[in-house]
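Everything on this sheet refers to the single structure shown next.
The values are calculated or read from the model by the stated rules, or taken from the named source; none is laboratory data. A quick note: this is a predicted structure, and the numbers were derived from the prediction, not measured. So basically every Cβ, Gly included, is an ideal-geometry build from the backbone, and we count neighbours across all protein chains shown. What goes into the accessible areas is simple: the full protein's heavy atoms, side chains included, and nothing from ligands, DNA or RNA. Shrake-Rupley method; radii C 1.70, N 1.55, O 1.52, S 1.80 Å.
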Amino acid sequence: MLDTVRVTFDNGEVMTTDYNAAVGREGIAKYYMGNWFNLGVEGDDMHKVVKVEFDF
């Protein structure tokens, strides 16, 4: 079963994605919150997650 999470980065960009609900909200929040992700397409564009939402 899948659930949905909305992740906001420090540059204001927002990503909505599905995740395996068996992992749980706490596990997904821990995976994203405060961590850095590369949003670049042709080059590196590293941004930190500043907000994780489940009920939106």
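Return the total of residues in the range 40-52 being open to solvent by 40 Å² or more (accessible area, probe 1.4 Å), of a type in the set (A, V, I, L, M) and within 11 Å of the chain's Cα centre (by Cα).
The number of residues fulfilling the criteria is 1.
If I ask for residues that are over 11 Å from residue 53 (Cα atoms) and either under 8 Å from the mean Cα position of the chain (by Cα) or at pLDDT 95 or above (or both), which ones from the range 1-16 would you list?
Filtering the range 1-16 for residues over 11 Å from residue 53 (Cα atoms) gives 1-3, 9-13.
Passing the criteria: 3, 9, 10, 11, 12, 13.
Looking only at residues that are surrounded by 12 or more Cβ atoms within 10 Å (Cβ to Cβ) and of a type in the set (A, V, I, L, M) in the range 15-39, which one is farthest from residue 3 (Cα to Cα)?
39
Okay, residues lined up against (1) of a type outside the set (A, V, I, L, M); (2) touching a strand residue (DSSP E or B) at 6+ places or on another chain (Cβ under 9 Å):
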| residue | (1), (2) |
| --- | --- |
| 4 | yes, yes |
| 21 | no, yes |
| 32 | yes, yes |
| 55 | yes, no |
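Within the chain, considering only strands (runs of 3 or more DSSP E) that don't extend past its boundaries, which have at least 1 residues that are of a type in the set (Lys, Arg)? Walk me through it before giving the result.
Values: elements: 2-9, 14-20, 36-38, 46-53.
Ranges flagged: 2-9, 46-53.
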